[in-house]
Amino acid sequence: MDLPMDAAAEDHTLSTLEAIGDRLRATLAAKNEARDTALSYSRTLVRSCAQTIRAIHRGEMENAKELLAQAEETAAALRVAVAADPDLYCAGYTQDGLKEFVEANVLMALVTGAELPTPEALQVEAATYLKGLAEAATELRRTVLDIIREDHSEQAERLLVAMDEIYSLLITIDYPDAITGGLRRSTDVVRGVRERTRGDLTMSLRQQRLQQALRRAETRRGV
């Protein structure tokens with residue numbers, strides 16, 4: 001049997017619901033605003049990192065450093081925007097932006113021979129760092145190919161060694177994709193790129209040695 005609710009109790013219940021509703025709407029409005037802000041920062045970060053990588057490949061290192069500094073500011077703003085919302089921080093768009101940030105920083109370090117930035121220095125999660133590391137390794141292929149188009153050099157071999165070292169690290173990360181964010185696929189991509197790059201570099205070295213041998217033969221013949 002339902003008990004009748006007196007008017008005072010009913011008014012109190014409605015007042016409580018209205019207050020709860022107001023707080024929930026305010027919370028969701030703030031979260032939606034934070035999400036929009038994070039999306040905007042993430043897009044800007046991805047664009048800045050892509051421009052940085054392009055500048056690195058072109059050998060425009062001063063420009064690349066400036067772009068990377070801009071990316072660092074955007075990454076910091078992105079982290080602030082989602083600081084109060086762990087689920088927004090863990091969202092794909094946020095982590096994708098930070099992954100690109102890792103990639104640009106790692107590629108810059110590898111190409112210039114600088115110290116490799118750590119996950120702590122870049123303020124990223126382990127899975128995000130590893131995926132950025134993997135993508136930086138694949139970007140090294142373009143750098144190596146640019147080098148061997150001019151001539152075989154120790155720089156190309158050094159970068160291939162860096163690819164080897166990154167791959168050697170990635171294959172030791174034996175955790176489910178749910179933990180690593182699909183790192184296994186990225187590792188497979190690095191393996192394929194590494195093997196193709198090794199083949200290209202080996203062929204370049206053989207051609208160089210053949211050319212040197214021909215020049216020596218021509219010199220002996222007095223050509």
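Here are a few things to note about the model shown:
- All told, Glu139 falls short of being under 10 Å from the mean Cα position of the chain (by Cα), under 19 Å from Thr187 (Cα atoms) and not in a loop (DSSP other than H, G, I, E, B).
- Selection of region 84-127 for residues being charged (D, E, K, R) and under 12 Å from the mean Cα position of the chain (by Cα) yields Asp96, Lys99, Glu100, Glu103, Glu125.
- Applying the criterion of being of a type in the set (A, V, I, L, M, F, W, C) and at pLDDT below 85 to the residues of region 142-155, the residue that is nearest to the chain's Cα centre (by Cα) is Ile147.
- Within region 132-155, no residue that is touching a residue at least 24 places away in the same chain (Cβ under 8 Å) sits with its Cβ atom under 6 Å from a residue that is assigned to a loop (DSSP other than H, G, I, E, B) and not basic (Lys, Arg) at 6+ positions apart or across chains.
- For region 92-107, the criterion of being of a type in the set (S, T, N, Q), under 22 Å from Asp146 (Cβ atoms), open to solvent by less than 50 Å² (accessible area, probe 1.4 Å) and in contact (Cβ under 8 Å) with a residue 24 or more places away in the chain is met by at least one residue.
- All helices (runs of 4 or more DSSP H) inside region 1-120 with 2 or more residues being touching a Gly at 6+ places or on another chain (Cβ under 7 Å) and under 25 Å from Glu165 (Cβ atoms): 92-112
- Hits in region 149-163 - residues which are open to solvent by 30 Å² or more (accessible area, probe 1.4 Å) and in a helix (DSSP H, G or I): Arg149, Glu150, Glu154, Gln155, Glu157, Arg158, Val161
- Within region 171-202, being outside any helix (DSSP H, G or I) and either surrounded by fewer than 16 Cβ atoms within 10 Å (Cβ to Cβ) or more than 15 Å from the chain's Cα centre (by Cα) (or both) holds for Ile171, Thr172, Ile173, Asp174, Tyr175, Pro176, Gly182.
The values are calculated or read from the model by the stated rules, or taken from the named source; none is laboratory data. These numbers were taken from a predicted model, which means no experiment stands behind them. Counting neighbours? That spans all protein chains shown, and the Cβs are built from the backbone with ideal geometry, glycine included. Just so you know, the surface numbers come from the protein's heavy atoms only, side chains and all, with ligands and any DNA or RNA stripped out. Shrake-Rupley method; radii C 1.70, N 1.55, O 1.52, S 1.80 Å.
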